[in-house]
Amino acid sequence: AQGLVGLRNLGNTCFMNSILQCLSNTQSLRDYCLHNSHRRDLNNNNHTNTALMEEFAKLIQTMWTSSSSEAVSPSEFKTQIQRFAPRFVGYNQQDAQEFLRFLLDGLHNEVNRVTVRPRGNMEDFDHLPDEEKGKKMWAKYLEREDSKIVDLFVGQLKSSLTCSECGYCSTVFDPFWDLSLPIAKKGYGEVSLMDCMRLFTKEDVLDGDEKPTCYRCKARRRCTKKFTVQKFPKILVLHLKRFSEARIRTSKLSTFVNFPMKDLDLREFTKNLAVYNLYAVSNHSGTTMGGHYTAYCCNPENGEWYTYNDSRVTPMSASQVRSSDAYVLFYERVPPSRLLRS
């Protein structure tokens, strides 16, 4: 099978290699690069540099068309990502999920189909029912941010604040590129991904110093806050919060979280059908300070799982994919048409 090409470690760059392999096995993104479709979308206006997308596509093309199984060096790509995000300059170990966010943001900026952003007029959608308001806010987002990257990775999150005094509820809709899930704690039994999703969407009480100002009472009030997913993306990236502080890592939770590989059913968190299959995992093994990143990915051509450990790519059994090293999970949505038939 093609695509089984390792990436050289340039010095503590396993965090980058791990994420690149997960993205390389994201079929729609891979095809976008392989068919050179990104060329159509590159913002050839002078405001944007397009070198990051170019290097990313070149790297994906090499990984999928190379006739040898020699590992590839991502150094040209690294040069571009550190121009876009200077925090990746040098050779320190970095956080894989942070890297993913910066990378997707950078790629999106270069292939954004919107070249002239509309002037910000603050239309008021507050009088509308949530469903309508969510749709309007999404349309408004696409007027500014619209790319293949957004088509694939971006969903919409709704957060509602309810005042405990007067019951007034305000809702805010925000786009999300991934969901950072707190890891549930249990006295006994195993923690599942659903436990973490439920914890993420659980009502939270904001009191004391955290009290927000109620729009209706015009005073700071005790409120309850709740997240719901208004719109699930085609590619759902779930980040398990194993580190207490992303920037200054103090401690790591090595809890085993059981996640389904097939048919992750998230209907209880949304009004629509949302069923996903896992296709890649970025793993972090070891301690907070040291530690090493690898990736487990399902090859879109043959459906087999492989371990990507920098330069080395080896076949693995699907039963080994779930481990307590799992850090970032990549799920692909099952098209609704396929669901209705079964």
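The values are calculated or read from the model by the stated rules, or taken from the named source; none is laboratory data. What you see is a predicted model, and the numbers here were worked out from it, not measured in a lab. Because the Cβ atoms are built from the backbone with ideal geometry, glycine has one as well, and the counts that use them run over all protein chains shown.
Tabulated values for the structure
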item: Within region 168-209, tally of residues that are more than 25 Å from residue 255 (Cβ to Cβ), of a type in the set (Phe, Trp, Tyr) and within 23 Å of the chain's Cα centre (by Cα); result: 1
item: Output for region 266-307, where each listed residue is at pLDDT 95 or above, among the charged types (D, E, K, R) and closer than 30 Å to residue 159 by Cβ; result: none
item: Residue match in region 147-162 (condition: among the basic types (Lys, Arg) and in contact with a His (Cβ under 9 Å, 6 or more places away or on another chain)); result: yes
item: Selection status of residue 117, touching a Lys or Arg at 6+ places or on another chain (Cβ under 6 Å), part of a loop (DSSP other than H, G, I, E, B) and not aliphatic (A, V, I, L, M); result: yes
item: Test: residue in region 281-299 that is more than 28 Å from residue 6 (Cα to Cα) and over 21 Å from the mean Cα position of the chain (by Cα); result: no
item: Residue in region 297-304 that is closer than 23 Å to residue 95 by Cα and either hydroxyl-bearing (Ser, Thr, Tyr) or without any contact (Cβ under 8 Å) to a residue 60 or more places away in the chain (or both) present; result: no
item: Subset of region 126-172 (residues that are of a type in the set (Asp, Glu) and either surrounded by fewer than 14 Cβ atoms within 10 Å (Cβ to Cβ) or assigned to a strand (DSSP E or B) (or both)); result: 126, 131, 132, 143, 165
item: Residue ranges of strands (runs of 3 or more DSSP E) in region 222-299 with at least 2 members aromatic (Phe, Trp, Tyr); result: 275-285, 292-298
item: Flag if residue 198 is farther than 29 Å from residue 264 by Cβ and surrounded by 13 or more Cβ atoms within 10 Å (Cβ to Cβ); result: no
item: Residue tally, condition surrounded by 21 or more Cβ atoms within 10 Å (Cβ to Cβ) and small (Gly, Ala, Ser), over region 283-341; result: 2
item: Residue 229 exposed (fewer than 14 other Cβ atoms within 10 Å of the Cβ), of a type outside the set (Asp, Glu) and either modelled with pLDDT under 95 or within 23 Å of residue 280 (Cβ to Cβ) (or both); result: no
item: Identity of the residue in region 95-125, of a type in the set (Lys, Arg) and within 30 Å of residue 21 (Cβ to Cβ), that ends up surrounded by the fewest Cβ atoms within 10 Å (Cβ to Cβ); result: 113
